[in-house]
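Asker: Take this structure first; my questions come after.
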Amino acid sequence: MDKITSTAEQILKNSFGYKSFRPLQLDIIKSVMSGHDTLAIMPTGGGKSICYQIPALMFPGITIVVSPLISLMQDQVTSLNENGIEAVYLNSSLEWTEYLDTVKKLKNGEIKIVYVSPEGLATGRMQSILSECSVPINCITIDEAHCVSEWGHDFRPDYMEIANVRRQFPNAVCLALTATATPHVREDIIKNLRLKSPQTFIASFNRKNIYLEVKPKKNALNQVIECIEKHKDESGIIYCFSRKQVDQLTAALQELHYSVLNYHAGLSDSERSKNQDLFIKDKVRIMVATVAFGMGINKPNVRFVIHYDMPKSLEEYYQEIGRAGRDGIDSHALLLYSLGDIHKIRFFFADAADPEKSENLLQGMINYAKSRTCRRKQLLGYFGEVLSPSENCDENCCDICSSEPLPLNDLTIPAQKFMSCMVRLQQKYGVNYIIDVLLGSKQNRIIENGHNKLSTWGIGKELKKEQWFELAEQLIENGYIIRAGDYNILYLTESGKNALVNREKILLPFEYNAQKILNAPAPKKSLFELHKKGAFAKTLSGSALALYNELKEWRKKTADDQNVPPYVIFGDKTLEELVEKHPMNEKELLNVFGIGQAKAEKIGSQVLRIIGNYD
């Protein structure tokens, strides 16, 4: 075993209480420690922070972490300090005396990790502070690195200044981290951060512990309540399209006596901060929010995410559902959608910098919502990942896999029409244009291109536009056609060419009746049945249940006393292992997930005393 690996594994166990690395973590750490600029694409909950925190403890000097939100900095620093690691943040939330004391420690080399915002890093004062440190700047980490790309779903101009700051510390290695990045976004990150011949690592996007469910929106409040009741006393986030919708849904749920607060840009800074703090500390169970909420949330025990309205893109959707189940315990993502949602999103396309790109992103979201094949496979496919045969989905994967399959219907004629139209258009267009030709559209661009004279112009009026989109997606999912490039141009595969030339019969799980397309078959099992195995307490009885409850109460009291979120003391997974393994001494305690040397020394005796009462 090489020295970097052995040292990293020792830090992982002693400082963080983890026995082994997650996929790619060690590879990324070794790349950074070898001095290579590194780009890492890892899903939310995939363990990105370990990839810079362990190198920070191995480097002799300081690691700068550029983070977009104050709340995320505070959360990370609190957790690191709890594990005995010297970390600080420098931002506007600090009192002046506290700020000066932190700067003094930093300059004296007493700090290993300093968190700053992109705006703060660009200031002359911050650069002066960092240049006066008695130890070198060894690493600059950029979290949420997709914010540097205009193709990213959350572009922030301040991130563009990071490359200029790098010139001040030319010997510092750079690590860029993000949870979602298409090939175009990755290129932008490398270019805009001026990464030097970076090593790139792309982890699997497959979050196996998140059950994916989509429902057409019908009496949405009742659908939300039904989901909340299946996750009673658990934390959840509900995303809405507008501030008005957030406030209305929050009021409706509060009237029904649910523990819920709202979050959006229309609230004052103090209101948003207070509401977020109550949610993070488990004093409020549910947060109803616009997409402004969540990027800075490191809360691992969110058990459900509900989209009350359809997101604008699959990137946005994936980022938001990733806030569920960060601790690896079974969680639930529910999407409600309607044609009204689609019209609302399209209303804003007129103001978009690239309306065609916006439409392509939305169409990906629509295709996902209407898909009749495994949602996990479709979601992963969007990011260029294919499940291996050993990872076949089961009924705990998504609502499609937990339902009786739709019967196959003969779609040979409409499929031939669609693929023939692709050929007549020389495979140079996306699905929108192809469908417009099939429906006989007289748009200027079709007339100007002379495509109204094609034999396939207007031959597809037996299906509505939305049905053609559904059929196109079925042809993609079944391997007859593929989409490629930033504008999702459609191309025939070998299977598609053979089916077209040989007039092969094409059977697909597609219903002509539009209403049937919107309605999924009844699940084989209720979602409660599918997920109750994830509710650890329901598997316990007698003294084991009593111990679990007492440990939860102790955790809550300890967190309140320290004014930190409960998960900073112990995560849910740690509580579960404490009950299952029943450690009786410090050596056994150190074999529990999430308990390192510093934490064992700090609060281990209290935990062992509680467990000892249940011998």
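The values are calculated or read from the model by the stated rules, or taken from the named source; none is laboratory data. Only a predicted model underlies this, so the values are computations on that prediction, with no experimental measurement involved. Quick reminder, even Gly has a Cβ in these numbers, built from the backbone with ideal geometry, and neighbours come from all protein chains shown. What goes into the accessible areas is simple: the full protein's heavy atoms, side chains included, and nothing from ligands, DNA or RNA. Shrake-Rupley method; radii C 1.70, N 1.55, O 1.52, S 1.80 Å.
Asker: It is to be established whether one or more residues within the range 20-31 are more than 29 Å from LEU130 (Cβ to Cβ), open to solvent by 30 Å² or more (accessible area, probe 1.4 Å), among the charged types (D, E, K, R) and under 20 Å from the mean Cα position of the chain (by Cα).
Answerer: Checking the range 20-31: at least one residue is more than 29 Å from LEU130 (Cβ to Cβ), open to solvent by 30 Å² or more (accessible area, probe 1.4 Å), among the charged types (D, E, K, R) and under 20 Å from the mean Cα position of the chain (by Cα).
Asker: Please determine, by comparing only the residues of the range 60-78 that are of a type in the set (Gly, Ala, Ser) and either outside any loop (DSSP other than H, G, I, E, B) or in contact with a helix residue (DSSP H, G or I) (Cβ under 7 Å, 6 or more places away or on another chain) (or both), which one is least open to solvent (accessible area, probe 1.4 Å).
Answerer: Among those that are of a type in the set (Gly, Ala, Ser) and either outside any loop (DSSP other than H, G, I, E, B) or in contact with a helix residue (DSSP H, G or I) (Cβ under 7 Å, 6 or more places away or on another chain) (or both), it is SER67.
Asker: Can you say whether ILE603 is modelled with pLDDT of 85 or more, open to solvent by less than 50 Å² (accessible area, probe 1.4 Å) and not in a helix (DSSP H, G or I), as far as the supplied structure shows?
Answerer: Here the answer is no, as ILE603 does not meet what is asked.
Asker: Taking LYS497, is it open to solvent by 20 Å² or more (accessible area, probe 1.4 Å) and within 27 Å of HIS343 (Cα to Cα)?
Answerer: no
Asker: Just the residues that are open to solvent by less than 30 Å² (accessible area, probe 1.4 Å) and assigned to a helix (DSSP H, G or I), please, taken from the range 573-597.
Answerer: Correct list: THR574, LEU575, LEU578, VAL579, LEU589.
Asker: Turning to a different aspect of this structure: Does GLU511 qualify as being more than 22 Å from LEU362 (Cα to Cα), of a type outside the set (Ser, Thr, Tyr), open to solvent by less than 50 Å² (accessible area, probe 1.4 Å) and modelled with pLDDT under 90?
Answerer: Considered against the rule, which asks whether it is more than 22 Å from LEU362 (Cα to Cα), of a type outside the set (Ser, Thr, Tyr), open to solvent by less than 50 Å² (accessible area, probe 1.4 Å) and modelled with pLDDT under 90, GLU511 comes out as yes.
Asker: Would the range 453-464 turn up any residue that is of a type in the set (S, T, N, Q), out of contact with any Asp or Glu (no Cβ under 7 Å at 6 or more places or on another chain) and not in a loop (DSSP other than H, G, I, E, B)?
Answerer: No.
Asker: Just to be sure I understand, how many residues within the range 399-415 are over 22 Å from LEU379 (Cα atoms) and either open to solvent by less than 30 Å² (accessible area, probe 1.4 Å) or of a type in the set (Phe, Trp, Tyr) (or both)?
Answerer: Number satisfying all stated conditions: 4.
Asker: Determine the pairs where a residue that is closer than 18 Å to GLY612 by Cβ, located within the range 529-547, has a partner that is modelled with pLDDT of 75 or more and among the aromatic types (Phe, Trp, Tyr) with Cβ atoms under 6 Å apart, the partner being 6 or more residues away or on another chain.
Answerer: If the second residue must be modelled with pLDDT of 75 or more and among the aromatic types (Phe, Trp, Tyr), the pairs left are SER543/TYR614; LEU547/TYR614.
Let's see how each residue does on (1) within 28 Å of PRO170 (Cβ to Cβ); (2) hydrophobic (A, V, I, L, M, F, W, C):
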{"residue": "LYS48", "(1), (2)": "yes, no"}
{"residue": "ALA56", "(1), (2)": "yes, yes"}
{"residue": "VAL66", "(1), (2)": "yes, yes"}
{"residue": "ILE70", "(1), (2)": "no, yes"}
{"residue": "GLN74", "(1), (2)": "no, no"}
{"residue": "TYR99", "(1), (2)": "yes, no"}
{"residue": "GLU119", "(1), (2)": "yes, no"}
{"residue": "GLY124", "(1), (2)": "yes, no"}
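Asker: Which helices (runs of 4 or more DSSP H) does the range 289-389 wholly contain that include 2 or more residues that are crowded, with 20+ Cβ neighbours inside 10 Å, charged (D, E, K, R) and touching a residue at least 60 places away in the same chain (Cβ under 8 Å)?
Answerer: Of the helices (runs of 4 or more DSSP H) lying wholly inside the range 289-389, those with at least 2 residues that are crowded, with 20+ Cβ neighbours inside 10 Å, charged (D, E, K, R) and touching a residue at least 60 places away in the same chain (Cβ under 8 Å) span 314-321, 375-382.
Asker: Can you tell me which residue among ASN91, ASN81 is open to solvent by 10 Å² or more (accessible area, probe 1.4 Å), without any contact (Cβ under 8 Å) to a residue 60 or more places away in the chain, of a type in the set (S, T, N, Q) and not in a loop (DSSP other than H, G, I, E, B)?
Answerer: Answer to the check: ASN81.
Asker: Within the range 149-158, does at least one residue satisfy the condition of being of a type outside the set (S, T, N, Q), over 27 Å from SER34 (Cα atoms) and in contact with a Pro (Cβ under 6 Å, 6 or more places away or on another chain)?
Answerer: Yes: the range 149-158 contains one or more residues that are of a type outside the set (S, T, N, Q), over 27 Å from SER34 (Cα atoms) and in contact with a Pro (Cβ under 6 Å, 6 or more places away or on another chain).
Asker: Give ILE140, ILE189 a once-over and let me know the one that is farther than 24 Å from GLU320 by Cα, in contact (Cβ under 8 Å) with a residue 12 or more places away in the chain, buried (at least 20 other Cβ atoms within 10 Å of the Cβ) and of a type in the set (Val, Ile, Thr).
Answerer: The unique qualifying residue is ILE140.
Asker: I need the full set of residues from the range 453-472 which are charged (D, E, K, R) and surrounded by fewer than 18 Cβ atoms within 10 Å (Cβ to Cβ), in order please.
Answerer: Correct list: LYS453, LYS461, GLU462, LYS464, LYS465, GLU466.
Asker: Let me ask another. When SER117 is evaluated against the numbered criteria (1) more than 20 Å from ASN164 (Cα to Cα); (2) under 30 Å from the mean Cα position of the chain (by Cα), which criterion, by number, is the only one it fails?
Answerer: Failing condition for SER117: (1).
Asker: Next question. What tally of residues in the range 249-260 results from selecting those that are surrounded by 15 or more Cβ atoms within 10 Å (Cβ to Cβ) and either over 25 Å from the mean Cα position of the chain (by Cα) or within 15 Å of SER71 (Cβ to Cβ) (or both)?
Answerer: Final tally of qualifying residues: 4.
Asker: Working only within the range 278-288, note down all residues that are part of a helix (DSSP H, G or I) and either free of Cβ contacts under 8 Å to residues at least 40 places away in the same chain or at positive phi (or both).
Answerer: The one that is part of a helix (DSSP H, G or I) and either free of Cβ contacts under 8 Å to residues at least 40 places away in the same chain or at positive phi (or both): LEU278.
Asker: Continuing with the same structure: Taking the range 264-279 as the region of interest, how many residues are open to solvent by less than 30 Å² (accessible area, probe 1.4 Å) and touching a strand residue (DSSP E or B) at 6+ places or on another chain (Cβ under 9 Å)?
Answerer: 4
Asker: Of the numbered conditions (1) under 22 Å from GLU316 (Cα atoms); (2) part of a loop (DSSP other than H, G, I, E, B), TYR258 fails exactly one; give the number of that condition.
Answerer: Only one criterion in (1) under 22 Å from GLU316 (Cα atoms); (2) part of a loop (DSSP other than H, G, I, E, B) is unmet by TYR258, namely (1).
Asker: Could you check the range 195-240 and list, in sequence order, the residues that are among the polar types (S, T, N, Q), surrounded by fewer than 15 Cβ atoms within 10 Å (Cβ to Cβ) and modelled with pLDDT under 90?
Answerer: Answer for the range 195-240, where residues must be among the polar types (S, T, N, Q), surrounded by fewer than 15 Cβ atoms within 10 Å (Cβ to Cβ) and modelled with pLDDT under 90: just ASN219.
Asker: Shifting gears a bit: Take the residues in the range 294-335 that are hydrophobic (A, V, I, L, M, F, W, C) and over 22 Å from VAL284 (Cβ atoms), then tell me which one is modelled with the highest pLDDT.
Answerer: LEU335
Asker: Only residues that are farther than 22 Å from MET58 by Cβ and touching a residue at least 24 places away in the same chain (Cβ under 8 Å): list them for the range 105-132, please.
Answerer: Correct list: SER117, PRO118, GLU119, GLY120, LEU121, ALA122, MET126, GLN127, ILE129, SER131, GLU132.
Asker: For the range 221-255, enumerate the residues that are of a type in the set (Asp, Glu), out of contact with any strand residue (DSSP E or B) (no Cβ under 9 Å at 6 or more places or on another chain) and in a loop (DSSP other than H, G, I, E, B).
Answerer: ASP233 - this is the single residue of the range 221-255 that is of a type in the set (Asp, Glu), out of contact with any strand residue (DSSP E or B) (no Cβ under 9 Å at 6 or more places or on another chain) and in a loop (DSSP other than H, G, I, E, B).
Asker: Any chance the range 213-226 includes a residue that's without any contact (Cβ under 8 Å) to a residue 24 or more places away in the chain and of a type in the set (A, V, I, L, M, F, W, C)?
Answerer: No, because not a single residue in the range 213-226 is without any contact (Cβ under 8 Å) to a residue 24 or more places away in the chain and of a type in the set (A, V, I, L, M, F, W, C).
Asker: Name the pairs: first residue in the range 39-59 and open to solvent by 10 Å² or more (accessible area, probe 1.4 Å), second residue of a type in the set (Ser, Thr, Tyr), Cβ to Cβ under 7 Å, at least 6 apart or on different chains?
Answerer: Correct list of pairs: LEU57/SER15; MET58/THR7.
Asker: Looking for whichever is loosely packed, with under 13 Cβ neighbours inside 10 Å and within 28 Å of the chain's Cα centre (by Cα) here; the options are GLY430, GLY485, GLY450. Which one fits?
Answerer: GLY485
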